[in-house]
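Quick one: the structure is below, questions incoming.
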Ligand SMILES: [Zn+2]
């Protein structure tokens, strides 16, 4: 006996029909989903972690032009040390436009998802944790560490008197 082939179109047609004849399908599915998660917590966490990691891989790949490396220093040995950076430091406006709220409540996944869903917005680059931290400090202080060092070296040290 040959297996009938279910095409994506057929699947959508079936799904649409199912939703039409079950007006409360959303509520029912939410209950079923919640029950499955409760009964399969470990599996769910594993799937969620895989899903998040894949989203991050997609985002880092896109914004690094496939190099999977920091745009400044070229570090690329560990994906966990890479992140997305707003080139023009307009992250807050960006998150607002994406309706993602602050860093705390949206987390990384949501913003990666939105970027992807909206077709990868421009204005972002990939940085490593070091370069990202250095950029943030420089922005706050308004100078490089080397320039700051020259400033303090030029001043007389009053503490030794
Ligand atoms: Zn770097």
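So what is the relative contact order for the chain, in percent, with contacts set as C-alpha pairs under 8 Å and at least six apart?
Working: 93 pairs, mean separation 35.9, N = 161.
Computed over the chain, the figure is 22 percent.
While we're on this one: With 10 angstrom as the radius, rank 44, 14, 63 by how many other C-beta atoms surround their C-beta, starting from the fewest. Walk me through the intermediate numbers first.
Working: 44 14, 14 11, 63 25.
The fewest-first ordering by Cβ neighbours comes to 14, 44, 63.
To the nearest 500 deg cm²/dmol, what mean residue ellipticity at 222 nm is calculated for the chain from DSSP H runs of n ≥ 4 alone, each contributing -39,500 (n - 2.57), summed and divided by the residues?
Roughly -19500 deg cm²/dmol at 222 nm, from the helical runs in the chain.
Sticking with this one: Express in whole angstrom the spacing between the alpha-carbon centres of segment 65-80 and segment 129-158.
24
Name the shape class, rounded, prolate or oblate, that the alpha-carbon gyration tensor gives for the chain, where a ≥ b ≥ c are the square roots of its eigenvalues, rounded holds for a/c under 1.5, and otherwise prolate holds if a/b is larger than b/c and oblate otherwise.
prolate
Bear in mind that the values in this text are calculations on the coordinates, not laboratory data. The structure presented is a predicted model; accordingly, all values stated were derived computationally and were not measured. All Cβ positions, glycine included, derive from the backbone under ideal geometry; neighbour counts span all protein chains shown.
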